Structure formats: structure tokens, C-alpha cells
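Participant: I have a structure I would like to understand better, so I am pasting it below and will then ask my questions one at a time.
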Amino acid sequence: MDLDEFKEIIHRCFRCGYCKFTHNYSDFNCPSFDKYKFESFSTGGRMWLIYALMNKETEWSERVANILYSCPTCGNCMENCRFEKFNTFLVDIIEAARARAVESGFCPERQKTLLERTINPKYYNPYGEPNTNNEDLKQKYNLPNQAEWVYFIGCTSNYRQQDLRDATLKLLKSAGISFTLIDEHCCTSPLIRTGQIEPVEEFMNYNIERIQETGAKKVITSCAGCCRTLKVDFKKQDIKMDIEVLHTSELINHLLKEGKITFDSEINKIITYHDPCHIGRHLGLYDAPREVYNNIPGIDFREMERIKGDSWCCGAGGGVKIGYPDWALEISKERLEQAKKTGAQIISSTCPFCRTNLSDANIKFAMGFEILDLVEILDKIQITAHKK
Amino acid sequence: MNKEKILSELQKIVGNAFVSNDPAELYIYSIDPGASKPRSVNFVVMPASTEEVQAIVKLANEYKIPIVPMGGGLTLSGLTLPVKGGIVMDMKRMNKIVEINKLSRYALLEAGVTTGRLQAYLDKNYPELQVSVPDAPPSVTVAGNALINGSGFLTHQHGDHGAMINGLEIVLPNGELCKLGSCGLSDYWFSRGPIPDLIGLYTSSFGIMGIVTKLSIKLYPKPKMRDLVFGLFKKTDIIPNLLYKVTSTDLVEDILLGIQGKPDWMADYIFIISYITGNTQDELDKKEKKLKKMYRKNGARFMKAPPRLRDAFLEKPQFAANAADFRKGGGFEYVGSFFPLEKVPEAIEEGVKISEKYGIVPTLGARIFGATHTVMVFFTYAFNRADPDDIQNARDALKETNEITLKLGGIPWKGELEAQKMILEKIDPQYKNLLKTIKNHLDPNGIMNPGNWEVN
Ligand SMILES: Cc1cc2nc3c(=O)[nH]c(=O)nc-3n(C[C@H](O)[C@H](O)[C@H](O)COP(=O)(O)OP(=O)(O)OC[C@H]3O[C@@H](n4cnc5c(N)ncnc54)[C@H](O)[C@@H]3O)c2cc1C
Ligand code: SF4
Ligand code: SF4
């Protein structure tokens with residue numbers, strides 16, 4: 001959405017700071033404010049700066065761009081701002097202001113590479129990896145051209161977390177799901193989050209056409225970023241689609257509840273769950289993953305102190321991992337320290353991007369965890385499909 | 001002013017990341033959510049320790065540059081906007097809860113600890129203890145609030161929050177360190193006296209006497225249950241007697257009055273909320289019964305509070321910031337005035353008239369301090385931040401309210417510059433002289449928040 005569309009609400013932010021906290025005010029939960037500490041780096045500070053930019057009371061500068069970009073779009077502010085008339089728009093406003101930064105020539109250099117790589121016909125992904133049309137995977141897993149579901153792999157799983165991708169493919173196969181893959185291009189989440197929106201509509205239309213060609217009416221994704229984009233941003237962009245989007249954790253939970261699959265072996269580990277912001281606070285998807293973990297035989301599932309709406313972000317989102325790589329890892333370190341208190345051996349998440357950042361921090365700070373996606377944990381147990 | 005030199009000196013003290021003179025920070029720190037006009041700032045600095053505060057104060061003396069200490073910056077009266085430029089010292093990095101003394105019931109805190117965090121910390125670790133928090137957003141600081149004689153849900157029982165200070169660690173305007181209260185001679189921050197009480201110099205003086213780096217604040221036992229007894233009446237003249245009667249007993253924890261033009265059904269009424277606490281439902285029921293009777297006998301009628309209202313008023317802190325959206329515009333400011341009980345009816349009537357005159361839905365209230373030793377009446381004026389005329393309208397209403405307050409024998413609380421001037425005009429000249437003498441002696445270079453309480 002264009003920043004002007006928020007003109008009537010942006011000045012309604014009071015700069016009161018509820019958005020800085022967890023629900024019970026136990027601590028600051030906006031990673032950006034927690035790091036930089038200046039009021040300008042709080043959500044309210046951002047709202048006031050954006051409003052001042054719109055009114056020309058202040059000017060674009062590298063610092064202003066830095067303030068706007070040093071936010072992992074975690075959504076804690078949407079969750080904890082008390083003003084219900086506008087709290088749902090806070091992250092949208094930050095993203096719309098980033099689009100203005102791009103127009104005004106203030107997109108930071110590192111974030112620019114996301115766009116450069118994504119629109120490059122050799123890649124179509126923000127990692128700058130040669131684009132794969134997924135035909136070899138279709139062959140390997142014997143997938144049809146037409147199916148009920150499309151598994152939208154997402155760039156992070158396909159180019160960085162292939163174990164997770166393969167585990168998802170195996171899981172869908174063993175659950176007896178009729179699915180296929182498409183020659184996908186980036187879902188555009190990194191572009192929307194960083195305000196580089198010019199090619200977004202074209203990419204969305206491309207992906208929708210590929211999905212429609214398969215005859216599928218449902219899409220499954222194992223990535224929180226893709227999931228939020230397909231569920232929310234496609235609609236905001238007015239993309240015509242008659243397609244239901246489910247996150248893997250939702251699908252697995254449905255299958256469990258309908259008795260279509262059962263978990264038939266144990267995993268005797270202490271596991272804690274990190275809520276990815278883009279399916280957690282952004283989509284309210286908190287219970288499905290937990291229900292799946294709690295169905296795994298032998299698991300000792302323990303919660304961290306900050307969970308669900310109060311979850312501490314992993315620090316990767318919103319272009320922060322590419323823009324501020326060291327800080328992104330500091331944010332994850334904080335999460336790993338929170339996890340340590342539970343006594344967990346495994347930190348599990350439901351997003352390849354969280355998994356990447358948590359793993360990187362786990363290695364860098366020698367925290368000694370095993371970091372696994374939910375699907376990778378399921379890959380370690382025996383799953384039986386039942387015809388119902 | 002040698003800005004480059006000052007910047008590099010400040011960077012040496014706190015590190016590059018925690019000092020800024022970038023227009024983005026200077027803009028944000030030059031405005032607050034109240035109705036004050038922006039005032040310019042030269043630097044924002046965030047010290048992490050008392051030693052860093054001392055070094056900054058010494059630097060400010062060297063360069064004769066003003067310092068304005070800031071907690072949450074949420075008084076709404078522009079008290080953290082520099083009057084004469086200079087350094088805003090944002091205290092939030094000094095955020096340690098140093099000690100909770102359970103037996104002597106106090107919390108020793110660094111100046112940047114927020115009310116929200118202290119409250120959550122006690123709830124988790126000391127559920128039998130509580131601190132009196134204001135109904136300000138949880139991002140305000142315990143220090144900033146106590147230092148302006150703030151008030152909260154335990155103020156009726158235990159006085160304003162300034163009175164709850166046991167001790168202070170202060171960086172004096174010359175950079176020296178000073179401890180006031182029992183901490184000046186004991187390891188325990190348990191008491192304000194019995195020694196000459198200099199802590200009062202630091203309350204409601206808005207940072208002109210030095211910078212508080214630590215404070216000890218009183219904690220209180222926390223009953224297991226809390227509820228409210230809601231009542232309504234129409235005529236202001238019953239207020240003194242009603243409050244006098246209710247406070248003659250030890251039935252209530254806190255008492256609030258409210259006048260709200262919206263929703264429509266409330267417009268004709270004044271409401272009273274008495275908070276009751278106890279450890280059993282039976283205890284609460286008995287208190288409720290007595291209060292109902294007391295309301296009836298003294299001209300008010302009990303009403304079962306609608307659930308949403310009840311929840312809203314039981315929240316700690318209450319979501320008073322809600323008023324900022326009354327005009328869909330992210331702004332409000334209020335005059336909170338301290339009155340003797342007998343003047344409350346007139347104050348409320350005048351407040352309603354002012355609201356009506358300025359076309360603002362009347363939103364007034366009152367909180368009782370002590371056994372009616374003081375009643376703080378608040379007159380809230382919402383405005384739309386996007387509309388300069390609307391902001392000016394609120395400013396005019398605030399000014400008129402300050403004038404009426406003083407005329408009625410009350411005192412505006414946490415007064416913005418204009419209110420401070422009005423108070424100084426009216427105050428005993430010897431009070432002014434004494435203030436000036438102390439201030440000049442403590443701060444010969446005039447670096448501490450100059451322009452506030454300025455006696456010429
Ligand atoms: C919605 C809303 C509701 C409110 N409700 C209440 C209420 O119920 N009760 C109440 O009491 N108040 C209330 N307030 C008023 C005010 O916000 C609070 O009193 C608040 O606690 C002030 O604290 P602060 O940290 O924001 O102080 P600041 O605004 O940062 O500072 C207040 C003053 O103290 C000085 N100061 C701050 N820190 C130091 C220090 N370390 N050393 C020396 N001087 C210092 C500042 O220079 C300034 O003059 C409310 C405000 C809002 C916005
Ligand atoms: S975003 Fe909401 S909670 Fe945060 S400062 Fe603005 S109004 Fe307050
Ligand atoms: S999205 Fe997260 S990091 Fe960004 S402003 Fe909101 S709370 Fe802070």
C-alpha cells in the first residue's frame with residue numbers, strides 16, 4: 001500500500017510506547033528499540049518520523065533510512081499497541097515508508113542486492129542462486145503435473161535449507177498428499193519487506209499462473225515469509241486467486257486431527273518452539289505447531305517465557321539479516337539464551353529463515369543446541385498414512 | 001558552542017552508539033506527545049552508569065551547555081524539551097533493578113527503570129509486594145514519575161509518589177555525587193529521615209537541581225483480591241461530604257472521580273470508583289455492602305459497573321492514553337491540579353465550562369491523595385496532532401485551566417513553562433528568593449534544565 005493511504009491514521013500514534021513491551025511489560029520486546037535505545041528507533045518514533053517526512057518537517061537521510069530499515073518487521077508493535085483502530089497497520093506503514101526510501105534513493109546498499117538478484121532472470125531469488133525449475137525434484141519424488149496441492153518451496157528452503165525442503169517433500173509423500181511443484185520465482189516477501197515493490201505484482205501474477213496451471217486449489221508452504229505473503233500480501237495487491245494457502249504445521253495438524261496420519265515412533269528429546277513472527281504475530285498461527293509437537297511420542301515439549309504474541313523475534317526478517325548481519329545474530333543469541341532456560345536440547349521452528357538465523361547464531365556463539373524445523377523433526381520419526 | 005568537540009567528548013564518555021546529534025534524533029527529542037511547541041535540542045546522550053552521568057555533567061559545565069534529564073518523556077507538559085537547547089540525557093540505559101528489600105519493603109532502582117518493568121518484576125518475583133504505578137503508559141520511569149510527585153492507585157493510602165521516595169543518589173550540577181536519605185549513612189535505603197530532608201529539593205523541581213541516578217521507592221503489601229464499587233451522582237456539591245465520609249473509614253484502597261462526555265449515557269453523571277481489596281471474597285463483599293450504603297446516604301447511587309468498564313478500571317496501569325484518540329489525532333494534554341477538597345466542586349464545574357467553551361468533550365477526573373489531604377483534579381484536552389488549530393485550541397484551554405486553578409487556590413501539577421511562570425508570579429516572594437539562592441548555589445553555571453522554575 002502506498003504511504004499516502006495511511007495519511008489519515010499515521011498521526012494517531014501517541015508515542016506512548018506500549019509497543020515497546022511484552023504484554024505484561026516485563027521487558028522491551030521490540031528488538032530494534034532494545035538495541036538502539038533512542039526513541040527514534042521505537043515504533044512510535046518511526047511513526048512520528050514518517051509523519052514528519054510526509055509533512056516535510058524533516059528530510060530523508062541515511063540515518064532516517066537506517067532507522068526505518070533496522071526493524072525486522074517482527075510485529076510486536078502490532079500486538080502490543082493498544083490503539084485498535086490502527087495497530088494492525090504499523091508494520092505496513094513502516095514498509096510503505098521504506099518504499100518511499102527506495103523512491104527517494106535511500107534504500108541501503110545491502111538491501112538493494114535483494115532486488116538486483118531477484119529480478120535477474122538467471123536467479124529469480126534473493127540469494128543469487130541459479131534458478132531451478134524444480135523438474136529434477138518432481139522426477140525424484142515422482143510428482144505429477146496436475147495435483148490437488150502445490151508445495152511452494154520458497155527460496156530459503158530451496159537454496160539454503162535443502163534438508164528442510166527434502167524433509168517436507170518426504171513428509172507430504174508419506175502422508176499421501178496429492179501435490180506437485182512449480183517453477184517458482186521468489187514470493188516477493190523480501191522485496192515487500194524492504195520497500196522494493198516495483199516488480200512485486202509481476203512476480204505474484206507469475207507464481208499464481210504457474211499454480212493455476214497445475215489445477216491445484218491449495219498451496220502449502222513451509223516458510224513463514226512465503227506464507228504471510230501468499231495469505232496476506234497477495235490479497236493486498238489485489239491478485240486474483242481462488243487458492244487456499246496453508247502452512248505445513250496447519251496441514252499436518254489437520255491430518256493428525258482427521259486421523260489421516262499417525263506418528264508411530266518416539267523422539268526422546270527436550271524441545272522448545274520458536275514462534276516465527278510472520279506466521280505468529282502476523283497470522284495468529286500459534287496453536288497448530290504446538291499441537292503437532294505435543295503429538296510426537298516421547299517429546300518433552302517446553303515453552304520459553306516469551307511465546308506466541310510475546311515471542312522474541314529471531315532477528316532475520318525485514319531485510320535485517322542482509323542489512324545488519326551481526327545484529328541479526330545478536331537478536332538470535334538473545335532467543336537462544338531464552339531457550340537455554342528451558343533446558344531444551346532442540347530449538348525448533350516452522351520457518352527456514354528463522355532456522356537459518358538461529359543456526360548461525362548457535363554456531364557463532366557456541367550455544368550447543370540442535371536447531372531443527374518441525375518438519376525435520378518429523379523426518380526422524382515414523383509416520384503412517386491412513387486412508388479415511 | 002563547539003559542537004564537534006562536544007560531540008566527540010560525549011562519544012568518548014558513552015560510546016558512539018549512544019550519542020546523537022543527527023537531525024532525526026534531534027527532531028524526535030524536540031517534541032513530546034503533549035501540546036507544547038517543539039523546542040530545539042543539540043545532542044541526545046544515553047549514559048549507562050553514574051560515572052558516565054558525572055562525566056557528562058562535568059563536560060556540560062566546561063562548555064556551559066544545558067542538560068535536560070529525561071525518563072519516559074511523557075509528562076505531556078514539555079518538561080523534557082530543552083528551553084535553552086543543549087543535551088537531552090535519556091536515562092533508559094540505566095535500567096537495573098538493583099535490589100528488592102522484601103522485609104523493609106523498598107526497591108532500589110537505577111533512574112531508567114520503567115514502571116512497567118518494575119511492576120512485572122514484582123508480580124513475578126515478589127507477588128506479595130506491589131508498587132504504586134501511575135496510570136501513565138508503562139514506558140514512563142519510576143524516577144521521572146516520583147520526581148514530579150506523581151500519583152497512583154496507592155496514593156490515597158500512602159501519599160503521592162514523591163512521598164514514597166526513601167532515598168536518592170544524585171549527580172549534583174557540579175558533577176559531584178551525593179546520597180540523600182538513610183543511604184547517606186547506612187547500607188540500607190530504607191528511610192528518608194530522621195535527618196534534614198533534602199529530597200524535597202528534587203521533587204517537582206524538574207531536573208534543575210541535579211540528576212537522579214538511583215532511587216529507593218517504597219513497596220507495599222499486596223492483597224490477593226481487588227475490585228471496585230461504582231457509583232453515580234449528578235451534583236458536584238455532594239463531593240466534599242461524600243469523599244470525606246468514604247475516606248473516614250479504611251474501606252478503600254483508591255478513589256477516583258470521573259466526568260466523561262462520552263458515551264452519551266455518562267454525560268449527565270459524575271462517577272465515583274472506590275477500589276476495595278482483601279484476601280477473601282467475603283471481605284470484599286462486606287466492604288462493597290458498606291460502601292453501597294455510604295454512597296446512598298451521601299447522595300450517590302451504586303451501579304454495577306458494566307464488565308468492559310470494570311475491566312478497564314481494574315487494569316494496572318489503566319489505559320489512560322486512550323484519550324489520545326478521542327479526536328482521532330494522537331494527542332492530549334491535561335492539567336492536573338492539586339486542590340483542597342472544598343474547592344473540588346467549583347474546579348469541576350469550571351473545567352466542564354472550559355471544555356465546552358473550547359468544543360472538547362469534557363473529560364475530567366480526580367484522585368484522592370491521603371485522607372483527602374489533597375485532591376488532584378485532572379482536566380483533559382484531546383487534540384488532533386494533524387491540525388495546528390486544534391492543538392492551539394487545546395493550548396488555550398490548558399492556559400485557562402491553569403488560571404482558574406490558581407484563582408481557586410489550587411496548584412497546577414507538573415506545569416508546563418507557562419504554568420510555572422503563573423505559579424512564580426503568585427508565589428510568596430521569599431519562596432522565590434530561597435529557590436533562586438539554592439539553585440544558583442548548586443548550579444552556578446546554570447546548566448541544569450535552565451528555563452524551568454526560572455526566577456529572574
Ligand atoms: C496517558 C497518561 C496518563 C498519565 N497518568 C498519570 C497518572 O495516573 N499519575 C501520574 O502521576 N502521572 C500520570 N501521567 C503523567 C506522566 O506521564 C507521568 O507522571 C510519568 O510517570 C512521568 O515520568 P517520565 O519518566 O515520563 O518522566 P519525564 O517526562 O521523563 O520527566 C519528568 C520530569 O522529571 C525530570 N527527570 C526525569 N528523570 C530525571 C532524573 N533521573 N533526574 C532528575 N530529573 C529527572 C525531567 O527533566 C522532567 O522535568 C500520565 C501521562 C500520560 C501520558
Ligand atoms: S505505535 Fe501504538 S503503542 Fe506505540 S507509541 Fe504509537 S500509539 Fe503508542
Ligand atoms: S516490527 Fe518489531 S522491530 Fe519493527 S518497530 Fe515493530 S516491534 Fe519494533
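The values are calculated or read from the model by the stated rules, or taken from the named source; none is laboratory data. What you see is a predicted model, and the numbers here were worked out from it, not measured in a lab. Heads up, the Cβs are rebuilt from the backbone with ideal geometry, glycines too, and the neighbour counts pull from every protein chain shown.
Participant: Consider only pairs whose beta carbons are under 6 Å apart and that are at least six residues apart or on different chains; among these, list those whose first residue lies in region B:398-427 and is touching a residue at least 40 places away in the same chain (Cβ under 8 Å) and whose second residue is outside any helix (DSSP H, G or I) and within 16 Å of ligand 3 (Cβ to nearest atom).
Facilitator: Partner pairs satisfying both residue conditions: none exist.
Participant: Just name the residue that is nearest to A:G17 (Cα to Cα) out of those in region B:8-35 that are of a type outside the set (K, R), out of contact with any helix residue (DSSP H, G or I) (no Cβ under 8 Å at 6 or more places or on another chain) and away from chain A (no Cβ under 13 Å).
Facilitator: Initial filter on region B:8-35 (of a type outside the set (K, R)): B:8-11, B:13-35.
Those still in the list that are out of contact with any helix residue (DSSP H, G or I) (no Cβ under 8 Å at 6 or more places or on another chain) too: B:8, B:11, B:15-16, B:26, B:30, B:32, B:34.
This time we only want the ones that are away from chain A (no Cβ under 13 Å), so: B:8, B:11.
On the way: B:S8: 30, B:Q11: 27 Å.
The residue in question is B:Q11.
Participant: Considering only residues that are surrounded by 24 or more Cβ atoms within 10 Å (Cβ to Cβ) and more than 16 Å from ligand 1 (Cβ to nearest atom), which ones fall in region A:12-29?
Facilitator: If the condition is that a residue be surrounded by 24 or more Cβ atoms within 10 Å (Cβ to Cβ) and more than 16 Å from ligand 1 (Cβ to nearest atom), then A:N29 is the only one that fits.
Participant: Could you please find all residues in region B:293-318 being closer than 30 Å to B:I31 by Cα, in contact (Cβ under 8 Å) with a residue 24 or more places away in the chain and in a loop (DSSP other than H, G, I, E, B)?
Facilitator: Scanning region B:293-318 gives B:K316, B:P317, B:Q318.
Results for (1) more than 18 Å from A:S32 (Cβ to Cβ); (2) in a helix (DSSP H, G or I); (3) of a type in the set (S, T, N, Q), shown as yes or no for each residue.
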| site | (1), (2), (3) |
| --- | --- |
| A:E250 | yes, yes, no |
| A:L255 | yes, yes, no |
| A:N268 | yes, no, yes |
| A:H282 | no, no, no |
| A:K321 | no, yes, no |
| A:E337 | yes, yes, no |
| A:G343 | yes, no, no |
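Participant: Kindly provide the set of residues from region A:361-381 that are part of a helix (DSSP H, G or I) and under 17 Å from the mean Cα position of the chain (by Cα), ordered by number.
Facilitator: Across region A:361-381, the qualifying residues are A:L374, A:V375.
Participant: Now, a different point. Considering A:R160, A:R193, which residue is basic (K, R), outside the structural domain of A:G317 (by TED's automatic domain parsing) and buried (at least 24 other Cβ atoms within 10 Å of the Cβ)?
Facilitator: Values: A:R160 fails: buried (at least 24 other Cβ atoms within 10 Å of the Cβ).
Answer to the check: A:R193.
Participant: Considering region B:44-94 alone, what residues qualify as being more than 26 Å from B:E416 (Cβ to Cβ) and polar (S, T, N, Q)?
Facilitator: Matches in region B:44-94: B:S49, B:T50, B:Q54, B:N61.
Participant: Give region B:321-338 a look and list any residue that's modelled with pLDDT of 95 or more and hydrophobic (A, V, I, L, M, F, W, C), or say none.
Facilitator: B:F338
Participant: Same structure again: Restricting to region B:311-322, count the residues that are away from ligand 2 (no atom under 12 Å from the Cβ) and either out of contact with any helix residue (DSSP H, G or I) (no Cβ under 9 Å at 6 or more places or on another chain) or facing chain A (nearest Cβ under 8 Å) (or both).
Facilitator: Residues that pass the stated criteria total 5.
Participant: Filter region B:107-120 down to the residues that are crowded, with 21+ Cβ neighbours inside 10 Å and closer than 11 Å to A:Y25 by Cα and list them by number.
Facilitator: Those that are crowded, with 21+ Cβ neighbours inside 10 Å and closer than 11 Å to A:Y25 by Cα: B:T114, B:T115, B:G116, B:R117, B:L118, B:Q119.
Participant: Having 3 or more residues that are within 20 Å of the chain's Cα centre (by Cα) and either farther than 27 Å from B:P23 by Cβ or within 14 Å of another protein chain (Cβ to nearest Cβ) (or both) is the bar; report the strands (runs of 3 or more DSSP E) wholly within region B:72-173 that clear it.
Facilitator: Passing ranges, in order: B:87-90, B:106-110, B:165-171.
Participant: I'd like the full set of residues that are at the interface with chain B (Cβ under 7 Å from one of its Cβ atoms) and aromatic (F, W, Y), limited to region A:1-27.
Facilitator: Passing the criteria: A:F14, A:Y18, A:F21, A:Y25.
Participant: Shifting gears a bit: Which pairs turn up if I take residues in region A:79-100 that are in the same structural domain as A:W312 (by TED's automatic domain parsing) and look for partners that are of a type in the set (F, W, Y) with beta carbon separation below 6 Å, at least 6 apart in sequence or on another chain?
Facilitator: Cβ pairs passing all conditions: none.
Participant: Restrict the check to region B:422-441 and report whether at least one residue is of a type outside the set (S, T, Y) and closer than 29 Å to A:K7 by Cα. Spell out the reasoning first.
Facilitator: Within region B:422-441, the subset of a type outside the set (S, T, Y) is B:422-430, B:432-436, B:438-441.
If we keep only those that are closer than 29 Å to A:K7 by Cα as well, we get none.
No, region B:422-441 contains no residue that is of a type outside the set (S, T, Y) and closer than 29 Å to A:K7 by Cα.
Participant: OK, next. With the condition kept exactly as written, say whether any residue in region A:6-29 is within 12 Å of ligand 3 (Cβ to nearest atom) and at positive phi.
Facilitator: yes
Participant: Only one of B:C178, B:C183 is buried (at least 19 other Cβ atoms within 10 Å of the Cβ) and more than 12 Å from ligand 1 (Cβ to nearest atom). Can you tell me which?
Facilitator: B:C183
Participant: Would you mind telling me which numbered condition in (1) away from chain A (no Cβ under 14 Å); (2) in contact (Cβ under 8 Å) with a residue 24 or more places away in the chain B:P263 fails?
Facilitator: (2)
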